[in-house]
1. V495: in contact with a Pro (Cβ under 8 Å, 6 or more places away or on another chain) and not in a helix (DSSP H, G or I), yes or no?
2. Checking A244 against (1) out of contact with any Ser or Thr (no Cβ under 8 Å at 6 or more places or on another chain); (2) more than 14 Å from the ligand (Cβ to nearest atom); (3) not in a helix (DSSP H, G or I), which single condition isn't satisfied?
3. In the stretch 370-395, how many residues are touching a Phe, Trp or Tyr at 6+ places or on another chain (Cβ under 9 Å) and either part of a strand (DSSP E or B) or open to solvent by less than 50 Å² (accessible area, probe 1.4 Å) (or both)?
4. Look at S33 and say whether it is open to solvent by less than 40 Å² (accessible area, probe 1.4 Å) and either closer than 24 Å to V213 by Cβ or not assigned by TED's automatic domain parsing to the domain that holds M295 (or both).
5. Looking at (1) open to solvent by less than 40 Å² (accessible area, probe 1.4 Å); (2) β-branched (V, I, T); (3) at pLDDT 95 or above, find the lone condition where V341 falls short.
6. Of all residues in the stretch 215-261, which are open to solvent by 10 Å² or more (accessible area, probe 1.4 Å), closer than 28 Å to Y4 by Cβ and hydrophobic (A, V, I, L, M, F, W, C)?
7. Here are E271, E287, E229: which of them is more than 14 Å from the ligand (Cβ to nearest atom) and among the charged types (D, E, K, R)?
8. If I filter the stretch 174-206 down to residues being assigned to a strand (DSSP E or B) and within 20 Å of E387 (Cβ to Cβ), which single residue comes out as most open to solvent (accessible area, probe 1.4 Å)?
Amino acid sequence: MRIYEFAKKHNIQTKDLLKMLEEIGIKGKQTLSQITESEINKFEEYLKKGEKKEEGKKEVVLTENENVNELSKKIKIPSSDILKFLLDEKIIVNLNQTLTKEQIKKICEKFNYIPIFQETKPQTIERKVEKQPVYIKRPPVVTVMGHVDHGKTTILDKIRNTKVAEKEVGQITQKIGAYKVNLPEGSIVFLDTPGHEAFTAMRAMGAKITDIVVLVVAADEGVKPQTIEALNHAKSANIPIIVAINKIDKPNANPEKVKQQLSEYGMIPEEWGGNTVYVNVSGLTGEGINDLLEMILLVGEMLDLKAIINCKCDGTVIESSIDRFRGPVISVIIENGILKVGDPFIVGTTWGKVRAIIDEWGKRLTEANPSTPVEILGAHEIAIPGEKFKVVDSEKEAREFSEKMRRERENIVVPVKRLSLKDLYEEIKKGEVKELNVILKTDFYNSIDAIKNIFSKIPQNEIKINIIHSGTGPISESDILLASASNGIVIGFKVPVEPKAKELAKKENIEVRTYELIYDISEDIIKAMEGMLEPEIKEEMVGQALVKKVFKFDKNFVVAGCIVVSGKVVKDSKVKIIRNGKIIYNGILTSLKRFKDNVNEVSYNNECGIGINNFNNFEEGDIIQSFIEIEIPKKIKGE
Ligand code: GDP
């Protein structure tokens, strides 16, 4: 039996079923995967346990706007059981209908939970459904990912120019962030920014608009590091993946090799008994593109994608810019409801009134349906991709809401709390984390296996170490985004952190630890699990100075005449002296002068005199790097 069929049997959404299966250790399944007899037994056992779990009540944090689906995830009781209970109580609701507080309390009581209601945060724009919701089928939203130059853009353009243009002869498409293909069998929405960075950036914002990922691999080059990176990004979001083996027209195309390579990552083709869909295509000639579209529609069909049509319109921002003539332009994928010209709306911290709705042909529309990408004019400012768009009752409400949001944001000084090694013990104790998601970057492939091996020896009864992505090379922005989207940490072994990644990690409050010894990694993780992790001293380079001239006052007093070439140099900071690319001395910057004055710091492009303790061997051309130490306080076990 396939997963989607099994989900239907149990009246559970496929996505929820996959999550539940993961919880009981059945991983790597997708909608089309087969579920074996023994896996079915394991799952049914788990369902029964859920029914029996009577002793001791557990607390669960809830909002007042839960539906059966959400509640089922939070209290880990299958939604079918909740619906059955409600039916016994003569309460008839569907999976996505908001429950009343009383109903939530009843359900919690039944399943031995104590509900703790949390006020809904103003940041989240809740969908108010005025009437009994009416669902309609909606097209899948697809993101194309893969290694650079493997043909993502070519495939997207081919589909746009052939499939879309068939209907709209003579028109030129505008890039509005996404486009819709209407086929006789159904429609598909393609997001226009290929690659996993944008995808994960949106996820990190809490937006989940992609339903299916198409992973593009060039048949001549095969699997590359970014292919695996993209694969892991899609997997960590638990989104079905279709593999498009591209450049099939090339004489040296070897699709079988691609299948073999990806099989090593659990992507076993259907014809080999697995459940991954592979399609051979050529973005250049168009060969196989119809098959690819057909497979997308088939997978979309199985996902049973629905939108509510009779509610106030909402959607997600996919792009936003300021146009010189038209003002702020916001591209949105409509998710529920119908958007109409004249609707007042809120988006991010800004608001507006829909002045115009424009489709990917540049055509003005009077209204737009769910799963339609449109450009909206009329916002007061631009928004950020991933932010929610929501129609409200009046301009007054929109303005007030946006002002409130702005005040809220200004007041937020504490960055979002993220998982960190030093807090791991407490989080485990509170029962808030059960998995430590790790993004691992190393110098060589061999090191990945060595580290995975050492991780597997760490006792994991309290917490499971989950390497959601591993690869070689420097820690990049994309690694930080993945950590942010999956509440994980980044571990580097003998690799640097790219400056932009460092900045992003700081902004997103993501823990990045780099190591020189494999042993230190496992030791830190074990200590973190026990709440015994030593305080970490972080060294941060704040600037560099170039030695231009050396002044010898006497044998023991030598000053380097320098110019600051980046950042700033700071008195009493730790310094490294670099000569011909090598560190030749570590010390303390004991004397810092600007002209005749002693100063505490000297900034970029200024000259200064630098003296370093016990060092008088300066040479012209030496680089002095100034480091500040930041100490992270230690958390004591049991504190
Ligand atoms: P992206 O970086 O993944 O978006 O890759 P592009 O779409 O920019 O394609 C990279 C290069 O591969 C371009 O020179 C394309 O013309 C070429 N290319 C893409 N698809 C095909 C294909 O199916 N066959 C052949 N022969 N070349 C292709």
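The values are calculated or read from the model by the stated rules, or taken from the named source; none is laboratory data. Model, not experiment: these values are computed from the prediction. Positions of Cβ are generated from backbone atoms using ideal geometry, with glycine treated the same way; all protein chains shown enter the neighbour counts. These accessible areas exclude ligands, DNA and RNA; they are computed on the full protein's heavy atoms, side chains included. Shrake-Rupley method; radii C 1.70, N 1.55, O 1.52, S 1.80 Å.
1. Numbers: in contact with a Pro (Cβ under 8 Å, 6 or more places away or on another chain): yes; not in a helix (DSSP H, G or I): yes.
Yes.
2. Condition (2) is where A244 drops out.
3. Matching residues across the stretch 370-395 total 9.
4. Numbers: open to solvent by less than 40 Å² (accessible area, probe 1.4 Å): yes; either closer than 24 Å to V213 by Cβ or not assigned by TED's automatic domain parsing to the domain that holds M295 (or both): yes.
Yes; evaluated as a whole, the condition is true for this residue.
5. V341 satisfies all of (1) open to solvent by less than 40 Å² (accessible area, probe 1.4 Å); (2) β-branched (V, I, T); (3) at pLDDT 95 or above except (1).
6. If the condition is that a residue be open to solvent by 10 Å² or more (accessible area, probe 1.4 Å), closer than 28 Å to Y4 by Cβ and hydrophobic (A, V, I, L, M, F, W, C), then V223, I228, A237, I239 are the ones that fit.
7. Values: E287 fails: more than 14 Å from the ligand (Cβ to nearest atom); E229 fails: more than 14 Å from the ligand (Cβ to nearest atom).
Answer to the selection: E271.
8. Residues of the stretch 174-206 assigned to a strand (DSSP E or B): 178-183, 186-191.
Going one step further and asking which of them are within 20 Å of E387 (Cβ to Cβ), we end up with 178, 189, 191.
Details: A178: 1, V189: 0, L191: 17 Å².
Across the stretch 174-206, the extreme among qualifying residues is L191.
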